[in-house]
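A.B. asks: Starting off with a structure, shown below.
The values are calculated or read from the model by the stated rules, or taken from the named source; none is laboratory data. Being a predicted model, the structure only gives us computed values, none of them experimental. Note: ideal-geometry Cβ built from the backbone for every residue, glycine included; neighbour counts use all protein chains shown. Accessible surface is based on the protein model in full, side chains and every heavy atom, while ligands, DNA and RNA are left aside. Shrake-Rupley method; radii C 1.70, N 1.55, O 1.52, S 1.80 Å.
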Amino acid sequence: MLRTFARIKTERRSSHPLWMPAGISVTLLYVLFIGLPVVAILVKAAQQKGLFASLLSDTTIQALQLSLVTSIISIVIVVIIGTPFALLLARKDSLVLKFIDSLVELPIILPPIVAGVAMLMAFGRQGILGPVLNSVGITLPFTTGAVICAQIFVAAPFYIRAAKLGFQSVSTDYEDVSQTLGVSPWQTFWKLTIPLASPSILSGLALAWARAISEFGATIMFAGNLTGKTQTMPLAILTAMESDIGASLALSVILLLASIVVLIILGFFANKSWRANL
Amino acid sequence: MLIKILLNLLVLISLFSASCSTNSQHDNPHQDLIIFAAASLTDSFREIANEFENINDDVSVIFNFAGSQQLSTQLLHGAYADIFASADWIQMDRITQSDLSLSRPQNFASNQLVIIVPSENTSLFELSELVTPGTKVVVSHTNVPAGTYTNTIIQKLGQHPGLSESYPDKLKQTIVSEETNVRNVVQKVVLGEADAGFVYLSDTALPYVSEKVRIINIPDQYNQIANYPATILMESESKELAKGFMEFLKSSKSQNILEKYGFQKIQDP
């Protein structure tokens, strides 16, 4: 019975190559739908008079600087905290960890603006942790620290998830063998586990960085919008969109190019890990 | 089979384009009136629209509330609306200069600015105390009408006999955020995250705001009168209905609603 069913299924698939033209036309439509806006930004930016002046304006440069500095700090913190955490999630198996594991992924599906509201309610001056933070002299809202917090909140899951998968792909047998051969656990981790897991880790890093630099909703809620202090590139794009389309386009082009670079890096590592698995 | 799929695709596409088109009024007596209105008008305009719908059968008023500069940008880039109600003339002028306005825009209300402080704040009662180091002041970005007014007011306060000449500069040092919409300024003060915010008097008439904040008044000679102009847009497909709404906006019913929400009525010409 099962076998007949399987045969019918394969027959069906092979006897309808007519799906192909439809598939191709839908794909073409989709490529246009995604590609045209991307091309449009570049074309419109190229036509824009004074694009370079916009690129070199104070607001643009400060937003760029701030985005670069904050996203790099965020990513460093994410790696320092996320790596041991991901290793723990990959190696140990318990109900509590399973629960934490799914909690980690929450910020991925949470609308960023909700993340912003949640962060205000938790770490704001009137938030749950506000009095504690106040008593040690820390107020987060409207500071560059708040920008970094928002970025970590939304970006960390991408890194932790990828790093966990990377560590899971390294069999503990290798680690055991390495240690029976007298290599210390620490050295095993650095010389064996990390290199083997590195394609995953690095692609997670690229994704997390891209997410951090494009963070918008949580930042505008939690950190506000002040040039040079909390106004990152996405916020500057929104603010500029309302008066100076040129500046807005210039910033968009920069973010677009950065995204393309991230994609290329991701493609490179995906290719590498694919080969490594051969 | 292929033909069938392509036919289905065609039907889907035509359905999609039909639902996208705004031109569906011909065979339907129901009319939509699309109004782009400044964020500060949110509550008063909702109430006015309810009244307007009550006296006009089969009319739905659809709103797009945002910062006036956002709305004018959207309109300049081809967004469709029947009426544009702006919080200042700068944004309205962008529309008239691009010949998007059907006729001369007209003021329908005015507003002024005040400073709000969270009620639980125990140290901030006077204008002079705004510049105490560590105070967190939130304003609107100068792209936004409220931000332009705020900026002018801060400059003018330098001439206040009770304040020092360096007051404007010191005040700018305490600004921690320039929000893209005046309602965001209100939120940050209501939440207690900011110590003070420059907002419209009308914003403080809302119950959820008045319960949570107290007001520091800005003396008239340093304040800015914010005139709210509205106009029918050239591309409107329901110009008669739009005219009706513009008339209704000046009626005593609408004017009373606006006054209830903290706006000043327009003087009859």
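A.B. asks: Counting only residues 5 or more places away or on other chains, whose amide H sits under 5 Å from the amide H of B:VAL61 once H atoms are built in the peptide plane?
C.D. replies: Excluding prolines and chain starts, which carry no amide H, the hits are B:LEU33.
A.B. asks: Among bridges DSSP assigns within region B:113-222, what percent are antiparallel (round to 5)? List each step's numbers first, then the result.
C.D. replies: Values: 8 of 14 bridges.
Percentage antiparallel, nearest 5: 55.
A.B. asks: Let me ask another. Compute the distance in nm between two label points, each set 7 Å from the Cα along the Cα-to-Cβ direction, one at B:ARG214 and one at A:LEU29.
C.D. replies: Going from the B:ARG214 label point to the A:LEU29 one covers 6.3 nm.
A.B. asks: Sticking with this structure for a sec: If you take the beta carbon distance between B:PHE125 and A:MET121 as r and set R0 to 45 Å, what does 1/(1 + (r/R0)^6) give as a FRET efficiency, to the nearest 0.05? Display every interim value, and only then the final one.
C.D. replies: Working: r = 28 Å, r/R0 = 0.62.
Computed FRET efficiency for B:PHE125 and A:MET121: 0.95.
A.B. asks: Quote to one decimal, in nm, the extra length available between A:LEU68 and A:SER135 on full extension: 0.36 nm per residue of separation minus the C-alpha distance between them.
C.D. replies: Values: separation 67, 0.36 × 67 = 24.12 nm, distance 3.10 nm.
Using 0.36 nm per residue and subtracting the Cα-Cα distance, I get 21.0 nm.
A.B. asks: How far apart, in nanometres, would the label points at B:ILE62 and A:TRP186 be if each is projected 7 angstrom from Cα along the Cα-to-Cβ direction?
C.D. replies: Modelled inter-label distance: 6.6 nm.
A.B. asks: Can you tell me which lysines have their Cα less than 30 Å from the Cα of B:LYS172? Leave out same-chain residues fewer than eight positions away.
C.D. replies: Within reach: A:LYS229, B:LYS136, B:LYS156, B:LYS188, B:LYS212.
A.B. asks: Excluding residues fewer than 8 places away in the same chain, name every one of the lysines whose C-alpha is closer than 20 Å to that of A:LYS191.
C.D. replies: Straight-line reach from A:LYS191, under 20 Å: A:LYS164, A:LYS272.
A.B. asks: Largest first and to the nearest Å, give the Cα extent of region B:113-222 along each principal axis.
C.D. replies: Computed over region B:113-222, the largest-to-smallest principal extents equal 36, 32, 25 Å.
A.B. asks: Once the whole set of protein chains is in place, how much accessible area is left on B:LYS172, using a 1.4 Å probe, in Å² to the nearest 10?
C.D. replies: We get 80 Å² for B:LYS172.
A.B. asks: Round to the nearest 0.05 the FRET efficiency obtained for A:SER102 and B:ASN50 when R0 = 41 Å and r is the Cβ-Cβ distance. Provide the component values of the computation, followed by the final result.
C.D. replies: Details: r = 44 Å, r/R0 = 1.08.
Once the sixth-power term is evaluated, E becomes 0.40.
A.B. asks: Helix B:2-20 versus the longest principal axis of chain B: what angle, 0 to 90°, nearest 10, using Cα atoms?
C.D. replies: It works out to around 50 degrees.
A.B. asks: How much of the accessible area of chain A, in percent, comes from carbon and sulfur atoms when a 1.4 Å probe is used?
C.D. replies: Values: 11700 of 15960 Å².
Carbon and sulfur: 73 percent of the exposed surface of chain A.
A.B. asks: Now a separate question. Using θ = phi - 60° and the Karplus curve 6.51 cos²θ - 1.76 cosθ + 1.60, what whole-Hz ³J(HN,Hα) does each residue of region A:259-268 get, with Gly and Pro shown as x?
C.D. replies: 5, 4, 4, 4, 4, 4, 4, 4, x, 4
A.B. asks: Could you give the distance between the Cα centres of region B:57-77 and region B:95-113, to the whole Å?
C.D. replies: 14 Å
A.B. asks: Next up: If you roll a 1.4 angstrom probe over the protein chains with everything in place, what fraction of the accessible area of region B:113-222 belongs to carbon and sulfur, to the nearest %? Don't skip to the answer; put the middle values down first.
C.D. replies: Numbers: 2120 of 4290 Å².
Of the solvent-accessible surface of region B:113-222, carbon and sulfur hold 50 percent.
A.B. asks: If DNA, RNA and ligands are ignored and the probe is 1.4 Å, what is the ranking of B:LYS136, B:LYS239 by accessible area, most exposed first?
C.D. replies: Descending order: B:LYS239, B:LYS136.
A.B. asks: Using only the heavy atoms of the protein chains and a 1.4 Å probe, how would B:GLU235, B:GLU126 rank by accessible area, largest first? Mind showing how you got there, number by number?
C.D. replies: Working: B:GLU235 85, B:GLU126 105 Å².
My answer, sorted largest first, is B:GLU126, B:GLU235.
A.B. asks: Give me the angle, in degrees from 0 to 90, between the Cα long axis of helix B:145-156 and the longest principal axis of the Cα atoms of chain B, rounded to the nearest 10.
C.D. replies: 20 degrees
A.B. asks: Setting aside same-chain residues fewer than 8 positions from A:LYS92, which aspartates and glutamates have a Cα under 20 Å from its Cα?
C.D. replies: Candidates past the 8-residue exclusion: A:ASP101, A:GLU105, A:ASP173, A:GLU175, A:ASP176.
A.B. asks: Let me ask something else. Could you please state, rounded to a whole Å, how far the C-alpha centre of region B:119-157 is from the C-alpha centre of region B:206-254?
C.D. replies: Centre-to-centre distance over Cα atoms comes out at 23 Å.
A.B. asks: Could you tell me the relative contact order of region B:126-269? Use alpha-carbon pairs under 8 Å, at least six residues apart, and round to a whole percent.
C.D. replies: Working: 153 pairs, mean separation 35.4, N = 144.
For region B:126-269, the relative contact order is 25 percent.
A.B. asks: Can you give me the long-range amide H partners of B:SER177? Hydrogens built in the peptide plane at 1.01 Å from N, cutoff under 5 Å, separation of 5 or more residues or another chain.
C.D. replies: B:VAL139
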